[in-house]
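A short worksheet on the structure shown next.
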Amino acid sequence: MSSTPKYNAYSVRNRGKDKRAIWTRIGVVWAQEKGQGLNIEIEALPLNFDGKIVLMPPKSSQAADTFEGEVA
């Protein structure tokens, strides 16, 4: 398995009109060694979840084992 995840997993919660959504990094996604599937490694589960989970490619400067919440 590669040391770099294929995607980062984010919990995204909309806050309403004219407000930016809250993006919180909750884990990473790895390509399976054999086959075409993906494995999601979740480090946190959002409480009272009313948003969506979004998978985004990692930025080249992000460490694979760092799971810090982000607000964007």
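Laid out as a table, the results:
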read-out: Matching residues in segment 24-40 - criterion: being over 15 Å from Tyr10 (Cα atoms) and among the aliphatic types (A, V, I, L, M); value: Ala31, Leu38
read-out: Residue list for segment 41-72, restricted to those being hydrophobic (A, V, I, L, M, F, W, C) and either farther than 13 Å from Asn14 by Cα or modelled with pLDDT of 60 or more (or both); value: Ile42, Ala44, Leu45, Leu47, Phe49, Ile53, Val54, Leu55, Met56, Ala63, Ala64, Phe67
read-out: Enumeration of residues in segment 1-37 that are outside any loop (DSSP other than H, G, I, E, B) and open to solvent by 80 Å² or more (accessible area, probe 1.4 Å); value: Arg13
read-out: Filtered residues of segment 1-11 (kept if of a type in the set (A, V, I, L, M, F, W, C) and modelled with pLDDT of 90 or more); value: Ala9
read-out: Test: Ala31 is in contact (Cβ under 8 Å) with a residue 12 or more places away in the chain, out of contact with any Phe, Trp or Tyr (no Cβ under 8 Å at 6 or more places or on another chain) and at negative phi; value: yes
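The values are calculated or read from the model by the stated rules, or taken from the named source; none is laboratory data. What you are looking at is a predicted structure, and each value in this text was computed from that prediction instead of being measured. Counting neighbours? That spans all protein chains shown, and the Cβs are built from the backbone with ideal geometry, glycine included. Remember, those area values only see protein heavy atoms, side chains included, never the ligands or the DNA or RNA. Shrake-Rupley method; radii C 1.70, N 1.55, O 1.52, S 1.80 Å.
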